[in-house]
1. Among the residues of the range 84-99, write down those that are among the acidic types (Asp, Glu) and under 15 Å from Ala120 (Cα atoms).
2. So which of Lys78, Lys72, Lys130 ends up being touching a Gly at 6+ places or on another chain (Cβ under 6 Å) and charged (D, E, K, R)?
3. Looking only at the range 202-212, count how many residues are without any contact (Cβ under 8 Å) to a residue 12 or more places away in the chain and surrounded by fewer than 17 Cβ atoms within 10 Å (Cβ to Cβ).
4. Quick check on Ser199: is it modelled with pLDDT under 85, surrounded by 15 or more Cβ atoms within 10 Å (Cβ to Cβ) and not charged (D, E, K, R)?
5. So Tyr64 ticks every box in (1) farther than 29 Å from Lys233 by Cβ; (2) touching a strand residue (DSSP E or B) at 6+ places or on another chain (Cβ under 9 Å) but one. Which box is left unticked?
6. Here are some conditions: (1) closer than 27 Å to Ile159 by Cα; (2) not assigned by TED's automatic domain parsing to the domain that holds Asn151. Pro80 meets all but one. Which one does it not meet?
7. If only one of Glu108, Glu59, Glu63 is over 20 Å from Asn122 (Cα atoms) and within 12 Å of the chain's Cα centre (by Cα), which one is it?
8. Condition first: out of contact with any strand residue (DSSP E or B) (no Cβ under 8 Å at 6 or more places or on another chain), among the hydroxyl-bearing types (Ser, Thr, Tyr) and surrounded by fewer than 18 Cβ atoms within 10 Å (Cβ to Cβ). Now tell me which residues in the range 90-129 satisfy that.
Amino acid sequence: LNLGNVDFDEPFWFGFNYFDQTVILGDRSRYYVESDVVYRKSADLLSLIELVRYPSHKEVGSEYRVDRPFYKDAYLGKHPELMHVRIASDITDVTGLFPEATNLKVIEFESDRPPHVSDADNTLREMSVKASFPGYFIMVPKGSGAYYYANPFWRQFQIKEYDSVADIPSDSLRVDINGRELSVVGLVGGERMEVVNASGQTVYAGAESTVTLPSSGVYIVRVGATVRKVVVK
């Protein structure tokens, strides 16, 4: 299907599953398709300003970062592999965010102000049902919890504040994951490692450089003042 430079509104794009194989767009089209993901271009057609659709058949991985504005139905799909979503600091509206994601447990915000939600029923719908369950929560920058608690949508979730953290430098400490075995390379004698799960529970604290983690998920590894986030599949 060669559409040339003819444009349609966003709902048109939800009639296709595999865009790359069926749709050809002209250079002057307002839309751009790459690996079945549809974007809307800026008025001058020089940049991509909005994600229109992320198809349900395309895996997002266990962690995904929302780094551009998106159309309200962009993230439909169960995406069973998805567990952790980060929201970039410049995203001000997350209406329609992953409503059907069946295993999504953690939303991490980079902004100290909560993003807007205009359709609560179709935003994080599956996660909202489990909002009070252990291990389901949102992470917000330290000192911003009160702003999220004051928001009628975000207050339904357990809210955890976090400090800004830096990755372990590759030339000093390295964290390796092999299955459920976590190893820290570069520990100096006497240094202690602490491993915390996504629920905030300490699963290991000691001087061993290799530990076996109890389950898959997101973990925080802390050695002294250095912190690293890892995902165990």
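1. Within the range 84-99, the first condition is being among the acidic types (Asp, Glu), and the residues that meet it are 90, 93.
Hit for the range 84-99 is Asp93, nothing else.
2. Details: Lys78 fails: touching a Gly at 6+ places or on another chain (Cβ under 6 Å); Lys130 fails: touching a Gly at 6+ places or on another chain (Cβ under 6 Å).
Exactly one of Lys78, Lys72, Lys130 is touching a Gly at 6+ places or on another chain (Cβ under 6 Å) and charged (D, E, K, R), namely Lys72.
3. Our first condition is that a residue be without any contact (Cβ under 8 Å) to a residue 12 or more places away in the chain; within the range 202-212, this holds for 202, 204.
Next cut, surrounded by fewer than 17 Cβ atoms within 10 Å (Cβ to Cβ) only: 202.
Qualifying residue count, the range 202-212: 1.
4. Working: modelled with pLDDT under 85: yes; surrounded by 15 or more Cβ atoms within 10 Å (Cβ to Cβ): yes; not charged (D, E, K, R): yes.
In short, yes.
5. (1)
6. The number of the failed condition is (2).
7. Values: Glu108 fails: over 20 Å from Asn122 (Cα atoms); Glu59 fails: within 12 Å of the chain's Cα centre (by Cα).
The unique qualifying residue is Glu63.
8. Of everything in the range 90-129, those that are out of contact with any strand residue (DSSP E or B) (no Cβ under 8 Å at 6 or more places or on another chain), among the hydroxyl-bearing types (Ser, Thr, Tyr) and surrounded by fewer than 18 Cβ atoms within 10 Å (Cβ to Cβ) turn out to be Thr102, Ser128.
The values are calculated or read from the model by the stated rules, or taken from the named source; none is laboratory data. All values reported here derive from a predicted model rather than from experimental measurement. Neighbour counts run over all protein chains shown; Cβ positions are idealised from the backbone, glycine included.
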